[in-house]
Every structure is written in structure tokens, then in C-alpha cells.
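Participant: Got a structure here, written out as C-alpha cells. Questions coming.
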Amino acid sequence: MDTSSLEAYDVVGIGFGPSNLSLAVALEEGPHQVTSAFFERQPSLGWHRGMLLPSAKMQVSFLKDLATFRNPATRFGFVSYLHDVGRLTRFVNNQDFFSTRREFHDYLEWAESKLTLKADYSCEVTGMSAVPAADGGPARRIRVRMRDGAGGTRTVEALNVVVSTGLVPRMPAGLEAGEHVWHSSGFLHRLREREGRPLRRVAVVGAGQSAAEIVRYLHDHLPEVRVTAIVPSYGYAIADDTPFANQVFDPEAVDRYFDGSQRSKDAIWDYHRNTNYSVVDDEVIRGLYERAYADEFSGAGRLDFRNLARVTEARPAAGGTRITVHSLADDETYGLDVDVLVCATGYAPMDPTAVLGDLDAHCLRDEAGRHRVTRDYRLVTGEGLDAGLYLQGGTEHTHGLASSLLSNIAVRSGDIARSITARLLSGAATKGTDA
Ligand code: FDA
Ligand code: NAP
């Protein structure tokens, strides 16, 4: 390949969700100028669009926006957004720290529109490789390959790459997504695709926030649907967002987690998993219980809760799917015919392995096989590679519970921007003549 005309950047971001949007803001706010490009596979900015349900609320304070915790005087904060769109006073009158997800999405789009940088959409990164250094020393540049929207390929080079490709939807073991079996992440898209065709029996499996919000949405917006909620526990359990527990998402908590022993890391997960996983906001639980009570009282029979139950199989059946439900209460298994099964069964953490491509071989792993990561979110690489490879997400094992969340993105992006800038200024990533 003739590489003389390749585009080259100080920083390339892979994925343009809130994390890398926050990084773009941090880089733009300086103090040093760097050249950067961000590549996103979606055709436009989209933050879990398949779950942008009308009444869904945020699970973090509006002040945990893209920039405020890093720079309270930022012009990219949620307060600046509200002021700009003329809703600041009315938002404050609401006396609510939690905006709707739709409003937060609007804020993300607003912030993007204020950036000088324009992300490249419909560009899916497929792999990376190291550019061999001409002096025989460690490689200092990374080649990033992608598919562009027109079906072509594109390659760029970077001194630093920040991977932020997000959570990966998880289906129950043995089940595959298809026409009648959906993962919650695509819920609204799938519903739109099905418009005009009858939808009467829907099963929703899971006991997390996604499951509860989808059950509520189906009940409130599709009156002809009977919903069967398949809940693995006795009932939806509450997400702990009380103040002492919430400290686990503080920026300082990252240091304590990072510096802690494996025992302390495990203890933090054991004690505080219920701040985020397999749990539901108090308000949503109470609202659903009220609906279930009214449904029973009126005899409507639209809400059917099967607790202590898991879905183990889904097979095609006439016009829908036949699912197998295993009841943990009596260890019995039974079948249920539905038009659609929605698997609100959660997500696996971000895994950078696929986009790292050839570079993965340079990345060192711990004894459990997980990537080694420094405090400034840099992947630890072997002697053959001295470029900056950073992660936003996928660092639950090193940086703790906030790794996949919004709580800490402003401060984390600041940490990464500072680390990259320091490397560029010290010449660490620019020494030598590369081939
Ligand atoms: P995110 O997943 O948002 O973005 C990653 C981006 O990378 C995507 O746009 C994707 O298309 C792109 N991408 C992936 N692979 C690519 C490739 N190979 N090439 C190019 N682009 C690629 N957390 C919280 O703190 N508060 C909250 O209120 C919520 N709410 C919430 C709602 C729902 C429905 C879900 C599923 C999750 C949340 N979360 C949350 C957690 C969630 O992880 C978090 O809000 C952000 O999405 C994290 O932002 P990221 O940018 O890291 O990932
Ligand atoms: P989640 O919290 O991981 O919950 C997944 C649920 O699926 C768990 O209850 C799990 O039970 C269950 N499950 C998995 N396999 C199953 C099976 N075969 N049968 C029955 N149940 C099964 O996932 P989520 O609800 O999608 O939430 C993911 C993240 O997104 C969280 O951070 C959440 O806060 C966030 N979120 C936010 C909003 C919002 O901001 N409004 C909305 C939705 C989601 P076990 O634990 O027993 O396996």
C-alpha cells in the first residue's frame, strides 16, 4: 500500500457515543491544540436510540454531563444547553436532578453541533495494525482500517487511538435474535419495522431497568398487547441510588478501586452491584405495581408476571415463537406461545479485541486474561509498540463500576486528554522516523 498520502492525526477516536463525544469536548477545550478524527458506525449521533422510550428518565444527575465535573465553567455543559434552548428556568422549577433520556439525547446532539470537530459517520472500524518504525525501534504509529458508508474502505494513521465502542447486547444462552425474538437494545426499531401487523402477545424477559421500562411502555402505549413479564427474581428489585452508596461513582472512587487489592475490588462489586445491574428505579417499580393492581382489579388481564422464572429456549412457531420457561419455584418447565419475545437480558462489557485486530497481540494481559490498563486508561503494550492506545469502557476490572456509565465521563475524558497531550508534548509518540 502507498501510505504517503494517508490522513494522519494525533488522536483517532473509535466510536462516537457520549464517552468519545466528551473526549472531543475535552480536546477542544484545550489548552493544547491536537489534530483528531472520530469514526462512528451509525449514520448520525445516536445514544441507545432503540430504548429512547418517551417517559424514560436519566439515571445520573444532569450535572454529570459531558464536561461539568472536569470544567464547571465549560460551555458544553447541560446548564449551557438549557440556557441556549430557553428552558433553564422551567427545568429548575421542576426540582428534578434527572432529565428524560430524550432531553439528554437532545443535549448530546446540541453539544455535538457546538463542536468545531465533525465526526465521520457510517464508518465502522474493522481493525488496526502497528506501523513499523524505520529505525527498528518500537512502532509509534497506528494504522486504523474501516468500512465507510459507501461500501468502500478507508485507512488513517494515528499516534494515539481511543477505543470507545460501548456495551455489547447479551442474549440468553442458546437464544438468537430474529424476527420474533428481539434484544431490548433494538426495541423501538423492531416495533417500528412491525407496524401494521397485529401484535397481541409479548413476553419480556429480565428484571433490570430495560425490562421494566419495556413492560411499562407496552402496557401504556399498546392497549391491544397482553404482556407476560418473565422475572428471574421474586420481583423487580430497587436500584440503590442513596447518597452513601452513590459515592462509589465519585471520581475519587476510581483511584481507590484502581489502587485496591483484588479482594477490595471484589468486595466493591459484591456490595454495590445493586446500584446498576439487574435493578430498577424506585419510581418505575412503584408505577408498575400500581398498573398491575389496577389491571387485576379491572379484570383486564393485560399484565401477567411470572416470577422466579427464566427463559431457556425459543423456537419458531406459527406467526411467532414458542418459548420455554423454567420456573425456579417448582423446577418445572413449560411452553408459552407469543408473537414476540423481548430479551431485556443486559449487556456484556465493551471488548476491544476485535477492533484492536493485529494490535491485540501487542497488548499485555493479566493472569485472568484481561487487558492490563494504566490509571490513565492506557493499554499496557509490549516492547514492540509505543503508541498511545486508550480505552473508554471495558475497564471494569481495573477502574471499577463507573467504567460503562456516564457518571465519570467528564473527568475520565479529561484524564485521557491530559495523558495524550503530555505524551505528544514530550515527543514520546513522535520520536523517530517511521516507515
Ligand atoms: P455507547 O455505547 O453509547 O457508544 C459507543 C459507540 O461506538 C456507539 O455509537 C457505536 O455505534 C459505536 N461503535 C461500536 N463499534 C464501532 C466500530 N467498530 N466502529 C465505529 N463505531 C463503533 N449510564 C448512565 O450512567 N446513566 C444513564 O442514564 C444510562 N442510561 C442507559 C440507558 C440504556 C438504554 C442503556 C443500554 C445504557 C444506559 N447507560 C446509562 C449505560 C451506557 O453504557 C452509557 O450511558 C453510555 O452509552 C456510555 O457511552 P459510550 O460512549 O461509552 O458507549
Ligand atoms: P441488566 O441490568 O443487566 O438486567 C438484565 C436482566 O436479565 C437481569 O435481571 C438478568 O437476571 C435477566 N436475565 C438474563 N438472562 C435471563 C434469562 N434467560 N431468563 C430470565 N432473565 C434473564 O440489563 P438492563 O436492564 O438492560 O440494564 C443495562 C444497563 O442499562 C444498566 O446500567 C441500566 O441502568 C441501564 N439502563 C438505563 C436506562 C435509563 O437510563 N432509563 C434504561 C435501561 C437500561 P440475572 O441477573 O438473574 O441473570
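Participant: Which one is surrounded by the fewest Cβ atoms within 10 Å (Cβ to Cβ), of the residues in the range 253-312 that are small (Gly, Ala, Ser) and assigned to a helix (DSSP H, G or I)?
Facilitator: Result: Ser298.
Participant: Considering only residues that are in contact with a Lys or Arg (Cβ under 9 Å, 6 or more places away or on another chain) and assigned to a loop (DSSP other than H, G, I, E, B), look in the range 71-87 and name the one that is surrounded by the fewest Cβ atoms within 10 Å (Cβ to Cβ).
Facilitator: So, considering only residues that are in contact with a Lys or Arg (Cβ under 9 Å, 6 or more places away or on another chain) and assigned to a loop (DSSP other than H, G, I, E, B), the one surrounded by the fewest Cβ atoms within 10 Å (Cβ to Cβ) is Arg75.
Participant: Could you say which residue among Gly152, Gly196, Gly178 is more than 30 Å from Arg412 (Cα to Cα), of a type in the set (Gly, Ala, Ser) and assigned by TED's automatic domain parsing to the domain that holds Lys57?
Facilitator: Gly152
Participant: Please identify the pairs in which a residue from the range 12-31 that is in the same structural domain as Arg418 (by TED's automatic domain parsing) and over 19 Å from Leu424 (Cβ atoms) has its Cβ atom under 6 Å from the Cβ atom of a residue that is aromatic (Phe, Trp, Tyr) and surrounded by 24 or more Cβ atoms within 10 Å (Cβ to Cβ), counting only partners at least 6 apart or on another chain.
Facilitator: Phe16/Phe38
Participant: Filter the range 193-233 down to residues that are part of a loop (DSSP other than H, G, I, E, B) and closer than 20 Å to Gly301 by Cα, then give me how many there are.
Facilitator: Total satisfying the criteria: 7.
Participant: Being in a strand (DSSP E or B), surrounded by 13 or more Cβ atoms within 10 Å (Cβ to Cβ) and of a type in the set (Val, Ile, Thr): is that true of Thr324 here? Spell out the reasoning first.
Facilitator: Numbers: in a strand (DSSP E or B): yes; surrounded by 13 or more Cβ atoms within 10 Å (Cβ to Cβ): yes; of a type in the set (Val, Ile, Thr): yes.
Against the criterion (in a strand (DSSP E or B), surrounded by 13 or more Cβ atoms within 10 Å (Cβ to Cβ) and of a type in the set (Val, Ile, Thr)), Thr324 qualifies.
Participant: What number goes with the only condition from (1) modelled with pLDDT of 95 or more; (2) surrounded by fewer than 21 Cβ atoms within 10 Å (Cβ to Cβ); (3) within 16 Å of ligand 2 (Cβ to nearest atom) that Ala203 does not pass?
Facilitator: For Ala203, the failing item is (2).
Table: residues versus (1) in a loop (DSSP other than H, G, I, E, B); (2) surrounded by 17 or more Cβ atoms within 10 Å (Cβ to Cβ).
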| residue | (1), (2) |
| --- | --- |
| Glu157 | no, yes |
| Asn160 | no, yes |
| Leu175 | yes, yes |
| Glu179 | yes, no |
| His189 | no, no |
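Participant: To continue, here is another question. Tell me, which strands (runs of 3 or more DSSP E) wholly within the range 331-435 include 2 or more residues that are in the same structural domain as Gln59 (by TED's automatic domain parsing)?
Facilitator: 388-391
Participant: Mind checking which residues of the range 102-160 are basic (Lys, Arg) and farther than 30 Å from Gly384 by Cα?
Facilitator: Hits for the range 102-160 are Arg102, Lys114, Lys118.
Participant: On to the next question. Looking at the range 382-402, I want the residues that are without any contact (Cβ under 8 Å) to a residue 40 or more places away in the chain and over 22 Å from Ser22 (Cα atoms) and have a partner that is of a type in the set (A, V, I, L, M, F, W, C) and surrounded by fewer than 24 Cβ atoms within 10 Å (Cβ to Cβ) with Cβ atoms under 7 Å, at least 6 apart or on another chain. Which pairs are those?
Facilitator: Filtered contacts from the range 382-402: Gly382/Leu364.
Participant: Working carefully through the options Ile214, Ile230, find the one that is within 16 Å of ligand 1 (Cβ to nearest atom), within 18 Å of Val181 (Cβ to Cβ) and of a type outside the set (Ser, Thr, Tyr). Write out each step before concluding.
Facilitator: Values: Ile230 fails: within 16 Å of ligand 1 (Cβ to nearest atom).
After applying the criteria, what remains is Ile214.
Participant: Limited to the range 332-362, what total is found for residues that are away from ligand 1 (no atom under 16 Å from the Cβ), surrounded by 13 or more Cβ atoms within 10 Å (Cβ to Cβ) and among the acidic types (Asp, Glu)?
Facilitator: Looking only at that region, the number is 2.
Participant: Additional query: Could you list all residues from the range 172-206 that are of a type in the set (Gly, Ala, Ser) and within 16 Å of ligand 1 (Cβ to nearest atom)?
Facilitator: Quick first cut of the range 172-206, residues of a type in the set (Gly, Ala, Ser) only: 173-174, 177-178, 184-186, 196, 203, 206.
Residues satisfying the conditions are Ala177, Ser184, Ser185, Gly186, Gly206.
Participant: Exactly one condition in (1) in contact with a helix residue (DSSP H, G or I) (Cβ under 8 Å, 6 or more places away or on another chain); (2) closer than 23 Å to Val168 by Cβ is not met by Gly388; state its number.
Facilitator: Result: Gly388 fails condition (2) only.
The values are calculated or read from the model by the stated rules, or taken from the named source; none is laboratory data. It should be emphasised that the depicted structure is a prediction, and the values quoted were computed from it without experimental measurement. Methodologically, a virtual Cβ is constructed for each residue, glycine included, from the backbone with ideal geometry; neighbour enumeration extends over all protein chains shown.
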